[in-house]
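Trainee: Dropping the structure in here first, questions after.
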Amino acid sequence: MNIIKYFLVVLAIIFLTSCSKNAEKESLIKEKNLESQVYEAYEEGMKSLNEGDVIFAAKKFNEAEILFPQSSMAPKSALMAAYSYYSKNYYLDAIAELERFLRVYPSHKNIDYAHYLLAVSFYELIVDEKKDTQSISNAKKYFTIVKKKYPTTEYAIDADFKLDLINDIIASKEMYVARYYFQRKKWIPAINRFRTVVDKYDTTIYVEEALHRLVECYYTLGLTKEAKKYANLLGYNYQSSIWYEKSYSVFNKNYKKQKNKIKENKSNQNTILNKIKSIVDLDG
């Protein structure tokens, strides 16, 4: 009886060991097949992207990510899906993919590129500075992140350039609103807008006009001291500017007359010189 029990135990061990090996073998085969499926889906995505079918390409990249989310190919596939959309101007789809990438893979080695592509996607959505305020704000936000977090990358160089352009866009919008108030003689809201340009966007092309308009607003309100302050600031930084001449004429009412008289004298002088030249030519 003991011999039979011993025999049964041995058989059970052999059977269980065999099952375990088969299960391990089956698991390895499945894993291998899964990995090959991921690469196959990724390659199909690349092929479709190169052929210009970006929708199908993004679909295949998403498929590659979903098939094996723990693999190193998953975040790469997610980024390629975003790029596929971006390459054909599907910026909203690209933004959705990139925002998901930042949530799912916050420590990935290509996180700098994800931030940069997200910033560029928002930037490309800017068409009208008067309407696309959210896109302008988001583009500035993510270009600032790129500039601060990844200052030694090539992305930071372009981010710096794009931020200057965005500041010009924002300043342009502020000036548009400020001029609206200025033309309707609503001096206080106009002053607030012009000061925003001077205080926050002093490197833009609009700062000279903003300074001059502040001189006009304050002078009109009888606040001569404030008007002179901004006139001096304009003169110190942009003395050769036409806006400085305009501000100077606010305080010196005879300036325009004097300037016109000088121009008239120069014109007369040129006329006389031309006459002399004609006489000389005739004599010759």
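The values are calculated or read from the model by the stated rules, or taken from the named source; none is laboratory data. For clarity, every value in this text was computed on a predicted model and none was experimentally measured. Methodologically, a virtual Cβ is constructed for each residue, glycine included, from the backbone with ideal geometry; neighbour enumeration extends over all protein chains shown.
Trainee: Please tell me if residue 168 is modelled with pLDDT under 95, of a type outside the set (S, T, N, Q) and closer than 28 Å to residue 124 by Cα.
Mentor: Considered against the rule, which asks whether it is modelled with pLDDT under 95, of a type outside the set (S, T, N, Q) and closer than 28 Å to residue 124 by Cα, residue 168 comes out as yes.
Trainee: Still on this structure, I have one more. Which of the following residues is aliphatic (A, V, I, L, M) and over 12 Å from residue 79 (Cα atoms): 114, 119?
Mentor: Details: 114 fails: over 12 Å from residue 79 (Cα atoms).
Only one candidate passes the filter, namely 119.
Trainee: Mind checking which residues of the range 31-53 are among the basic types (Lys, Arg) and either within 31 Å of the chain's Cα centre (by Cα) or outside the structural domain of residue 77 (by TED's automatic domain parsing) (or both)? Spell out the reasoning first.
Mentor: Step one: filter the range 31-53 for residues among the basic types (Lys, Arg), giving 32, 47.
Scanning the range 31-53 gives a single hit, 47.
Trainee: Picking from 96, 82, 139, 119, which residue would you name as being closer than 18 Å to residue 66 by Cα, aliphatic (A, V, I, L, M) and touching a helix residue (DSSP H, G or I) at 6+ places or on another chain (Cβ under 7 Å)? If you could, list the steps in order and put the result at the bottom.
Mentor: Working: 96 fails: touching a helix residue (DSSP H, G or I) at 6+ places or on another chain (Cβ under 7 Å); 139 fails: closer than 18 Å to residue 66 by Cα; 119 fails: closer than 18 Å to residue 66 by Cα.
Within the list 96, 82, 139, 119, the selection yields 82.
Trainee: For the range 169-207, which positions are closer than 23 Å to residue 221 by Cβ, under 27 Å from the mean Cα position of the chain (by Cα) and buried (at least 19 other Cβ atoms within 10 Å of the Cβ)?
Mentor: If the condition is that a residue be closer than 23 Å to residue 221 by Cβ, under 27 Å from the mean Cα position of the chain (by Cα) and buried (at least 19 other Cβ atoms within 10 Å of the Cβ), then 174, 175, 178, 193, 194, 197, 198, 206, 207 are the ones that fit.
Trainee: For the range 114-126, check the following and say yes or no: at least one residue is over 19 Å from residue 166 (Cβ atoms) and either in contact (Cβ under 8 Å) with a residue 60 or more places away in the chain or surrounded by 16 or more Cβ atoms within 10 Å (Cβ to Cβ) (or both).
Mentor: To start, the set of residues in the range 114-126 that are over 19 Å from residue 166 (Cβ atoms) comprises 114.
Of the ones still in play, those that are also either in contact (Cβ under 8 Å) with a residue 60 or more places away in the chain or surrounded by 16 or more Cβ atoms within 10 Å (Cβ to Cβ) (or both) are 114.
For the range 114-126, residues over 19 Å from residue 166 (Cβ atoms) and either in contact (Cβ under 8 Å) with a residue 60 or more places away in the chain or surrounded by 16 or more Cβ atoms within 10 Å (Cβ to Cβ) (or both): present.
Trainee: Also: Checking residue 127 against (1) at pLDDT below 95; (2) in contact with an Asp or Glu (Cβ under 9 Å, 6 or more places away or on another chain); (3) aliphatic (A, V, I, L, M), which test does it fail?
Mentor: For residue 127, the failing item is (2).
Trainee: Does the range 99-111 include one or more residues that are of a type in the set (A, V, I, L, M), assigned to a helix (DSSP H, G or I) and crowded, with 19+ Cβ neighbours inside 10 Å?
Mentor: Looking only at the range 99-111, we keep the residues that are of a type in the set (A, V, I, L, M), and these are 102, 104, 111.
Now restrict to residues that are assigned to a helix (DSSP H, G or I): 102, 104, 111.
Now drop any that are not crowded, with 19+ Cβ neighbours inside 10 Å, which leaves none.
No: zero hits.
Trainee: Given the criteria assigned to a helix (DSSP H, G or I) and surrounded by 14 or more Cβ atoms within 10 Å (Cβ to Cβ), does residue 218 qualify?
Mentor: Working: assigned to a helix (DSSP H, G or I): yes; surrounded by 14 or more Cβ atoms within 10 Å (Cβ to Cβ): yes.
Yes: the conditions hold for residue 218.
Trainee: Given the options 166, 157, name the one that is buried (at least 16 other Cβ atoms within 10 Å of the Cβ) and either part of a helix (DSSP H, G or I) or free of Cβ contacts under 8 Å to residues at least 24 places away in the same chain (or both).
Mentor: Numbers: 157 fails: buried (at least 16 other Cβ atoms within 10 Å of the Cβ).
So the residue among 166, 157 that is buried (at least 16 other Cβ atoms within 10 Å of the Cβ) and either part of a helix (DSSP H, G or I) or free of Cβ contacts under 8 Å to residues at least 24 places away in the same chain (or both) is 166.
Trainee: Sticking with this structure for a sec: Please go through the range 177-202 and pick out each residue that is in a helix (DSSP H, G or I) and among the charged types (D, E, K, R).
Mentor: Kept after step one, since they are in a helix (DSSP H, G or I), are these residues of the range 177-202: 177-183, 187-200.
Matches in the range 177-202: 179, 193, 195, 199, 200.
Trainee: Quick check, is residue 109 within 17 Å of residue 160 (Cα to Cα), basic (Lys, Arg) and out of contact with any Ser or Thr (no Cβ under 8 Å at 6 or more places or on another chain)? Steps first, please.
Mentor: Numbers: within 17 Å of residue 160 (Cα to Cα): no; basic (Lys, Arg): yes; out of contact with any Ser or Thr (no Cβ under 8 Å at 6 or more places or on another chain): yes.
So residue 109 fails the test.
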